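Worksheet: the structure to be examined is printed underneath.
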Amino acid sequence: MTSLGKWLRVGILGAALALPQAASAESLADALIAAYRNSNILEQNRAVLRAADEDVAIAVSSLRPVLAFRAGGAYSHTKYTEGLTSTVSLLAEMTLYDFGRNKATIAARKSAVLAARQSLVSYEQDVLLNAVSAYVTLQQAQDTVALRQSNLRLITQELRAAQDRFEVGEITRTDVAIADSRLAASQSELAAAQGDLSVARENYKLAIGKVPGRLQRLPAMPRTANNLAEAKSVAMRTHPLVRQLQYEVATAEAGIVLAKANMGPTLSGSLAATDNNVNTDSFSASVTLNQTIYAGGSYSALYRQSLARRDTARAQLHQSTAQVVQAVAAAWSNIEVARASIAASQRQIRSAQTAYDGVREEARLGSRTTLDVLDAEQELLSARTSRLTAQSNYSIGVYTLLSRMGLLTVDHLKLGIPTYDPEAYYNAVKNAPATSSQGKRLDRILKAIGK
């Protein structure tokens, strides 16, 4: 190869590399990942969960000693004396035994943490389902605009053909007016579809957290269940709302134990060491047993209230479980309806296409009017629009069923991204660290989550 040829080849390659590369289309998985990472709702409820984690630390700390430092000075002046005194004291207080209060409190707080974790899973499902709906709806809106644009082009051609036929006397002005009227209606429908597309773009931006680009076609639908009974069984085991309420029942039962323990005594101890400038240093130690004999009936009322709250939590669990099962059945039915609608609309499209082709040919031969052609075209457009709606309903329906089963999560969908670990923060704070090695570990965890 000559030197000129080498330089020419290098120049062509460089020019090709310098050209802007076409942005790859965004897939549904990309949208779901973006929604998970950009969700303010998830960020908010992760903070709620961290606050619940701290409740465990607060409960753990209640049986630990409380150390306090106290320093003071005083100036006194009397008829015979005048002087300045200073005092430094170190105080320590600790609950020695609370007869089950702390144990019940920790149990309740731990159950509340587990309930909050399931609540976070519920929000994750909502975020992902909203993302799916926004993605599918935007794609449907784009396809609808394309259909309307195609319809407008066809009717424009029909209007031109009608005008040509009117010029040679084959049809009347009425046929031309009908075609012109349909053209105006098509322009109005296209404008409405473009408005729906703008709304769908904004909804996508809200659900995904970024402006939509070019979208890929939907992938194959994820597996749900072999039958309705299996779907219901999975939902009763894994749905985050059911599991959340189960933990809330456990929290309420721990509340009953705590209400009983609050009726018992408390044993506490204290130490105090005092140093002053008048040589009266002191040290004291004490143990106190405190038992409330009568509190106006408040303890009994609190105990009865804890029983009522337990019963409330149980009833809510039973009702919510029934609602989850009903929601699974409704989602399953919607999928079946969408499948039937897709099959029917496909058959309708085939028949409408055949009818349109035939009517148009007959109109060319003079045995059909312009109105017949326009009606046949409108029938075909309606069938295609129905198929778009049915396909969107089916896609959203499949992911809705996954959500109703409790499986619409990043892990179950295998999106392949790191997810928020609720145990990392909990493990760092559950023993109520202050400035220890655990505290340093907590600092690293907070830094990792951007806090």
Residues of the stretch 31-60 that turn out to be farther than 30 Å from Tyr204 by Cα, small (Gly, Ala, Ser) and surrounded by 14 or more Cβ atoms within 10 Å (Cβ to Cβ), as a count:
3
Within the stretch 159-180, residues more than 17 Å from Ser367 (Cα to Cα) and either in contact with a Cys (Cβ under 9 Å, 6 or more places away or on another chain) or among the basic types (Lys, Arg) (or both) come out as Arg160, Arg173
Is it true that some residue in the stretch 118-134 is buried (at least 18 other Cβ atoms within 10 Å of the Cβ) and in contact with an Asp or Glu (Cβ under 6 Å, 6 or more places away or on another chain)?
no
Flag for Arg314 being free of Cβ contacts under 8 Å to residues at least 60 places away in the same chain, part of a helix (DSSP H, G or I) and among the charged types (D, E, K, R):
no
Assess whether Glu124 counts as being acidic (Asp, Glu) and free of Cβ contacts under 8 Å to residues at least 12 places away in the same chain.
no
For the stretch 175-226, name all the residues that are exposed (fewer than 12 other Cβ atoms within 10 Å of the Cβ) and either in contact with a Lys or Arg (Cβ under 8 Å, 6 or more places away or on another chain) or among the basic types (Lys, Arg) (or both).
Val211, Arg214, Arg217, Arg223
Among Thr95, Thr105, Thr85, which is the only one that is polar (S, T, N, Q), out of contact with any strand residue (DSSP E or B) (no Cβ under 9 Å at 6 or more places or on another chain) and either touching a residue at least 60 places away in the same chain (Cβ under 8 Å) or not in a helix (DSSP H, G or I) (or both)?
Thr105
Considering only residues that are among the polar types (S, T, N, Q) and assigned to a helix (DSSP H, G or I), which ones fall in the stretch 327-382?
Ser333, Asn334, Ser341, Ser345, Gln346, Gln348, Ser351, Gln353, Thr354, Thr370, Gln378, Ser382
Can you tell me which residue within the stretch 364-394, out of those that are of a type in the set (Ser, Thr, Tyr) and under 12 Å from Ala343 (Cα atoms), is modelled with the lowest pLDDT?
Ser386
Qualifying position, being in contact with a Ser or Thr (Cβ under 9 Å, 6 or more places away or on another chain), aliphatic (A, V, I, L, M) and over 27 Å from Tyr399 (Cα atoms), among Ala363, Ala301
Ala363
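The values are calculated or read from the model by the stated rules, or taken from the named source; none is laboratory data. Predicted model, so just to flag it, every value in this text is computed and none were measured. In this analysis, Cβ positions are derived from the backbone assuming ideal geometry, glycine residues included, and neighbour counts consider all displayed protein chains.
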